[in-house]
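Visitor: I'd like to ask some things about the structure below.
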Amino acid sequence: MSKEKLIIFDTTLRDGEQSPGASMTPEEKLRIAKALEKMKVDIIEAGFPVSSEGDFKAVQGIARAVKDSVVCGLARANKLDISRAGEALKDANASRIHTFIATSPLHMREKLLLEPDQVLEQAIQAVKLARKYTDNIEFSPEDAGRSDLDFLCRVIEAVIDAGATTINIPDTVGYNLPEQYGNTIRQLIENVPNSDKAIFSTHCHNDLGLAVANSLAGVMNGARQVECSINGMGERAGNAALEEIVMAVRTRQDMFSCETRLDTTQIMTCSRLVSGITGFAVQPNKAIVGANAFAHESGIHQDGVLKARETYEIMRAEDVGLSSNKLVLGKLSGRSAFKDRLETLNISIESEEELNKAFRRFKDLADKKTEIFDEDIHALVSDFKMEEIFAESIKLISIKACSETGEVPQASITVLIEDEEKSASATGGGLVDATFKAIESVVASGASLQLYSVSNVTKGTDSLGEVAVRLELDGEIVNGQGSDTDIAIASAKAYVNALNKLRVPTERIHPQTYEGI
């Protein structure tokens with residue numbers, strides 16, 4: 001017997017971007033969207049078009065580029081939001097408008113300053129407006145997890161009559177427990193007279209660490225769409241993690257009467273891409289995509305896995321895109337072997353010219369490292385593509401950093417700014433501090449450093465170091481990334497990468513800022 005389809009709705013580019021400091025440029029969003037499309041995500045929520053001109057262009061660009069996934073834009077229940085979403089999505093092969101309004105007593109009273117009947121009418125009008133642009137309409141009663149069930153039924157019945165085809169039930173503040181949330185989904189499906197005319201969806205936040213559990217409880221009680229994000233990115237504690245949802249449903253088909261169409265071998269590539277672009281490192285013990293997810297330290301576990309994998313592994317590493325062959329290339333490897341490995345790792349290279357540039361980076365790295373691992377290749381390509389995306393007005397030419405016991409660390413740098421070469425030296429509390437001060441002495445951006453983090457890509461003292469830098473200037477926050485076997489060089493690359501992004505406007509309004517219809 002064939003199983004029902006579980007629709008995967010990815011909101012990394014919208015709700016995921018609302019993580020503090022996770023702003024993405026339109027170019028970065030498009031790169032992630034193409035990776036999601038390759039993974040066969042059903043619906044990509046590309047952004048909140050009314051929030052800023054940058055977000056509008058990002059949604060518009062994704063709508064034009066993506067052909068195999070539905071592209072969705074978020075809109076509050078008002079005319080301006082919905083018209084901007086419709087305009088951004090007009091060139092999409094397949095589009096959806098996702099509109100919402102709060103329905104909990106607390107939100108209606110304190111945020112909206114509206115009576116329940118006014119909220120009901122606004123919801124109906126929003127869906128009708130959205131239907132002027134597309135017949136694929138999703139409606140969300142914000143804070144449904146704390147809303148009155150009878151009122152929810154009234155609103156949902158009315159918006160389905162108005163033309164909504166998907167009803168999303170958000171646990172906006174991560175308040176629900178799995179049994180409670182699943183019961184809500186079941187009761188809504190049973191008690192809304194026209195519930196059979198719409199697909200019910202979950203959207204769970206992770207404030208109590210229950211986003212995935214609540215989402216799966218919703219699926220077990222009739223929801224056939226899950227809203228989730230790569231690495232669980234999202235506001236506050238994040239959203240339900242796409243990789244955990246998908247692999248739970250796939251692994252426990254004995255418990256689920258539905259299945260997804262996702263190509264799970266793309267999961268690791270998407271995870272690393274999102275982590276690299278946002279600067280949000282994945283914790284080592286993170287389920288599915290963490291560095292330790294398929295590692296076995298215990299001798300008992302190792303012995304069991306060698307005898308029969310199933311003793312301690314419920315999934316295969318290869319199923320999520322990890323290679324069982326960790327050591328792949330070295331300095332004697334040729335261009336064909338490198339290209340073949342990129343294909344095996346599901347890493348897209350757009351042209352022969354881009355492949356040649358990436359291969360040159362690989363050979364440079366191979367001169368520094370004896371062994372090149374899959375993780376090194378992911379980091380190398382990510383670093384390379386970051387430079388390709390941005391027309392760099394600031395380029396790092398060279399850096400010399402010195403640290404000696406009893407002496408003040410110092411760094412000398414040379415950068416190219418608008419085709420003019422400039423050099424400077426500075427001292428600091430450490431090599432990185434001195435490097436950043438030297439760069440600032442010639443760039444004079446005035447930005448403040450909000451985050452600096454370093455992570456090793458693989459084991460060993462010759463491992464690539466990945467550096468994430470977050471800068472803030474006049475309320476604008478950007479992330480920069482850089483990698484190198486030398487941490488001072490990787491840090492300089494990341495800082496310059498962030499400075500180049502500061503020239504891209506990212507100011508936006510938050511979707512939960514209320515504006516009437």
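Visitor: Sorting S423, S201 on the 10 Å Cβ count, fewest up front, what's the list?
Guide: Ascending Cβ contact count within 10 Å gives the list S423, S201.
Visitor: Could you work out how far helix 178-191 tilts from the main Cα principal axis of the chain, as a 0 to 90 degree angle to the nearest 10?
Guide: 40
Visitor: Between helix 242-251 and the chain, what is the angle of the helix's C-alpha long axis to the longest principal axis, kept within 0 to 90° and rounded to the nearest 10?
Guide: In the chain, helix 242-251 runs at an angle near 70 degrees to the longest axis.
Visitor: A further question on this structure: Within 10 Å of each residue's Cβ, count the other Cβ atoms and sort I347, I82 from fewest upward.
Guide: Final ranking by Cβ density, sparse to dense: I347, I82.
Visitor: What is the dipole size for the chain, taken about its Cα centre, with +1 at each Lys and Arg Cβ and -1 at each Asp and Glu Cβ, in debye to the nearest 20?
Guide: The dipole of the chain has a size of about 780 debye.
Visitor: How far apart, in nm, are two points set 7 Å out from the Cα along the Cα-to-Cβ line at K3 and at K339?
Guide: In this crude spin-label approximation the distance works out to 3.9 nm.
Visitor: Taking the Cα centre of region 125-278 as the origin, how large is its charge dipole in debye, to the nearest 20, when only Lys and Arg (+1) and Asp and Glu (-1) carry charge on their Cβ atoms?
Guide: The dipole magnitude comes to about 340 debye.
Visitor: Choose one of G47, Q18, L30: the residue whose Cα lies farthest towards the positive end of the charge dipole of region 1-66 (beta-carbon charges +1 Lys, Arg; -1 Asp, Glu; about the Cα centre).
Guide: The residue sitting most towards the positive pole is L30.
Visitor: Rg to Rh ratio, region 4-278, alpha-carbon atoms and Kirkwood radius? Don't skip to the answer; put the middle values down first.
Guide: Numbers: Rg = 17.0 Å, Rh = 18.2 Å.
Value, to two decimals: 0.94.
Visitor: May I pose another question? To the nearest 500 deg cm²/dmol, what mean residue ellipticity at 222 nm is calculated for the chain from DSSP H runs of n ≥ 4 alone, each contributing -39,500 (n - 2.57), summed and divided by the residues? Each step should come with its number before you reach the end.
Guide: Numbers: 15 runs with 192 residues, N = 517.
The per-residue figure over the chain is -11500 deg cm²/dmol.
Visitor: Find which of L89, N176, C204 sits farthest along the positive direction of the dipole of region 4-278, computed with +1 on the beta-carbon of Lys and Arg, -1 on that of Asp and Glu, about the Cα centre.
Guide: L89
Visitor: Could you give the Stokes-Einstein D for the chain in µm² per second, using the C-alpha Kirkwood radius, 4 °C, 1.567 mPa s?
Guide: Details: Rh = 24.3 Å.
In µm²/s, the coefficient rounds to 53.
Visitor: Also, I was wondering about something else. Can you find, among N356, H510, A63, the residue farthest towards the positive end of the dipole of the chain? Put +1 on the C-beta of Lys and Arg, -1 on that of Asp and Glu.
Guide: Sorting the options by dipole projection puts first N356.
Visitor: Still on this structure, please answer the following. Treating only the Cβ atoms of Lys and Arg (+1) and Asp and Glu (-1) as charged, compute the dipole magnitude of region 4-278 about its Cα centre; round to the nearest 20 debye. Mind showing how you got there, number by number?
Guide: Working: 30 positive and 39 negative charges, 155 e Å.
Charge dipole, region 4-278, about its Cα centre: 740 debye, nearest 20.
Visitor: Taking 7 Å along the Cα-to-C-beta vector as the label spot, tell me the T461-K357 distance in nanometres, rounded to one decimal.
Guide: 3.5
Visitor: How many angstrom separate the Cα center of region 348-364 from the Cα center of region 52-103?
Guide: Between the Cα centres of region 348-364 and region 52-103 lies a distance of 34 Å.
Visitor: If you don't mind, another one. Can you tell me which lysines have their Cα less than 20 Å from the Cα of K493? Leave out same-chain residues fewer than eight positions away.
Guide: Here the lysines satisfying the reach criterion relative to K493 are K357, K363, K368, K369, K385, K395, K400, K422, K437, K501.
Visitor: Right, here's the next one. Give the order of I349, I417, I377, I230 when sorted by the count of other beta carbons within 10 angstrom, beginning with the fewest.
Guide: Numbers: I349 19, I417 14, I377 24, I230 29.
Fewest-to-most Cβ neighbours within 10 Å comes out as I417, I349, I377, I230.
Visitor: As I understand it, the value is the acute angle between the Cα axis of helix 335-344 and the longest principal axis of the Cα atoms of the chain; what does it come to in degrees, rounded to 10?
Guide: Tilt relative to the chain: about 20 degrees.
Visitor: Further, regarding this structure: Please give the length that would be gained between E179 and Q450 if that part of the chain were fully extended, namely 0.36 nm times their separation in residues minus their C-alpha to C-alpha distance (nm, one decimal).
Guide: 93.6 nm
Visitor: Work out the FRET efficiency for N194 and K38 from their Cβ-Cβ distance, taking R0 = 45 Å, and round it to the nearest 0.05.
Guide: 0.80
Visitor: Right, another one. Describe numerically, in nm with one decimal, the distance between label points set 7 Å from Cα along Cα→Cβ at L113 and at T414.
Guide: 6.1
Visitor: If you don't mind, another one. Express in nm, to one decimal, how much length is gained between A424 and E407 on full extension, taking 0.36 nm for each residue of separation and deducting their alpha carbon distance. Numbers along the way, then the final one.
Guide: Numbers: separation 17, 0.36 × 17 = 6.12 nm, distance 1.91 nm.
Stretched out fully, the A424 to E407 stretch lengthens by 4.2 nm.
Visitor: Can I ask one more? What is the Cα centroid distance between region 213-282 and region 140-162, reported in whole angstrom?
Guide: Cα centroid of region 213-282 versus Cα centroid of region 140-162: 25 Å apart.
Visitor: Run the numbers for E472 and E121: contour at 0.36 nm per residue of separation, minus the present Cα-Cα distance, in nm.
Guide: Stretched out fully, the E472 to E121 stretch lengthens by 122.3 nm.
Every number here is computed from the coordinates shown, using simple stated rules; none is lab data. Being a predicted model, the structure only gives us computed values, none of them experimental. All Cβ positions, glycine included, derive from the backbone under ideal geometry; neighbour counts span all protein chains shown.
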